[in-house]
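Below is one structure, written out as structure tokens; comments come after it.
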Amino acid sequence: MSLLGRITTNPEICHGKPVVRDLRYPVEMLLELLASGMTVAEILGDAQLPRRLATFLADGKRPTRRTYR
């Protein structure tokens, strides 16, 4: 499954903000943690997050083949 396929929105979950599929972890929060300099290992160690979230974070750190201009 692609990284974007793991992101969902539902108006009844986290006020409709994008979250990791089947989990209530807002993507915005995870990106803020990574942008602040935290590593994936630190994020996972702090919250003891589910394995599915670990996979999501690891996939997000991989380079993409897409070129943005």
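The values are calculated or read from the model by the stated rules, or taken from the named source; none is laboratory data. Keep in mind that what you see is a predicted model, and the values were worked out from it rather than measured. Note that we place each Cβ from the backbone using ideal geometry, even for glycine, and neighbour counts take in every protein chain shown.
Miscellaneous remarks
- Residues of region 1-19 satisfying the condition of being at pLDDT 85 or above and either β-branched (Val, Ile, Thr) or over 10 Å from the mean Cα position of the chain (by Cα) (or both): 7, 8, 9, 10, 11, 12, 13, 14, 15, 16, 17, 19
- Candidates in region 8-21 are the residues that are in contact with a helix residue (DSSP H, G or I) (Cβ under 7 Å, 6 or more places away or on another chain), touching a residue at least 12 places away in the same chain (Cβ under 8 Å) and over 14 Å from residue 58 (Cα atoms); of these, the one that is surrounded by the most Cβ atoms within 10 Å (Cβ to Cβ) is 19.
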